[in-house]
Amino acid sequence: MKDPLFTNKIAGAILAALLLIFGLPQLTKALTGGGHHGGDGELHLAYGGDIQLATAADHGDPEPVVTLAQLMADASIAGGERRAALCKSCHTFEEGGANGAGPNLWNIVGRQVASVSGFNYTSALQEAGGVWSYDRLDAYLKNSQDYIPGTAMTQRFARDNQRADFLAYLSSLSNNPVPFPELEVTEAVTEDAAMGMATEAVEEAAENH
C-alpha cells in the first residue's frame with residue numbers, strides 16, 4: 001500500500017538537509033562570536049555588548065581599611081632595615097653620616113622637611129614645608145612623585161606592610177624616637193569597657209551592703 005505521506009516525507013528530508021548544509025555554518029559563527037575575533041576554535045557565546053557577571057564579592061561587605069597605626073603596631077624594624085638596603089646607594093642612616101645623592105636619614109621622623117644642613121634640596125621639597133610625620137613619610141614612600149611633584153626621589157614602595165616596616169626602621173634612627181601613631185579605640189571596645197565598669201560598680205555596691 002502506497003504511503004499517502006511519502007511525498008511530504010521526501011520534501012521534509014530535503015528541507016532538513018538544506019537547513020543543515022546552509023544553516024550550520026551560520027550557527028557555528030554565532031556560537032563562536034563571529035569571524036572577526038580570532039580563530040582559536042574555542043566556543044564562546046556571542047552577545048551584542050560586554051556582559052559583567054556579578055559575584056558574591058560585589059554584594060558583600062567592603063574590606064576593612066587597615067590604618068597606618070595598625071600596620072606599624074605589627075611592623076618589623078629588622079624587615080625595614082633589610083628594605084633600606086635599596087636606599088643606601090643614595091642615603092646614609094647613621095648619626096652624623098654624610099649626605100649622598102640624598103640627605104642623611106638619621107632622625108628623619110619628626111624633622112623639618114628639607115632641613116639637613118649642606119644638602120641641595122629641590123625647590124619642590126623646600127616649598128613643601130612642615131615636618132616628616134609618619135603619615136607624610138608613608139605617602140612620600142608610596143609614590144614620591146605623586147605626593148611631592150618635582151622631588152628628585154623616584155622610589156616607590158607599593159605595599160603597605162613594607163612601608164610600615166621601613167617607617168619602623170626609620171623611627172629607630174634616633175636617640176629619642178617619635179612614638180608610633182596611636183591605635184584608635186573602636187566604639188565596640190568603648191562600649192565593652194563601659195559595661196565592664198558598670199558591672200564592677202554593681203558588684204562593689206552589693207558587697208558593701
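The values are calculated or read from the model by the stated rules, or taken from the named source; none is laboratory data. In this text the structure is predicted, and so the values were computed from the model without any measurement. Virtual Cβ from ideal backbone geometry, glycine too; neighbours counted across all protein chains shown.
Taking the range 130-160 only, how many residues are within 17 Å of residue 91 (Cβ to Cβ), among the polar types (S, T, N, Q) and not in a helix (DSSP H, G or I)?
Count: 3.
Residue-by-condition table, conditions (1) surrounded by 15 or more Cβ atoms within 10 Å (Cβ to Cβ); (2) free of Cβ contacts under 8 Å to residues at least 24 places away in the same chain:
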position	(1), (2)
115	no, yes
122	no, no
125	yes, no
130	no, yes
134	yes, no
137	yes, no
140	yes, yes
145	yes, yes
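Run down 102, 110 and say which single residue is closer than 20 Å to residue 176 by Cα, under 28 Å from the mean Cα position of the chain (by Cα), modelled with pLDDT of 95 or more and surrounded by 14 or more Cβ atoms within 10 Å (Cβ to Cβ).
Step by step, each of 102, 110 is checked, and only 110 is closer than 20 Å to residue 176 by Cα, under 28 Å from the mean Cα position of the chain (by Cα), modelled with pLDDT of 95 or more and surrounded by 14 or more Cβ atoms within 10 Å (Cβ to Cβ).
Suppose we keep only residues that are at pLDDT 95 or above, part of a loop (DSSP other than H, G, I, E, B) and of a type in the set (A, V, I, L, M) within the range 59-99. Which one would you say is surrounded by the most Cβ atoms within 10 Å (Cβ to Cβ)?
Here the answer is 75.
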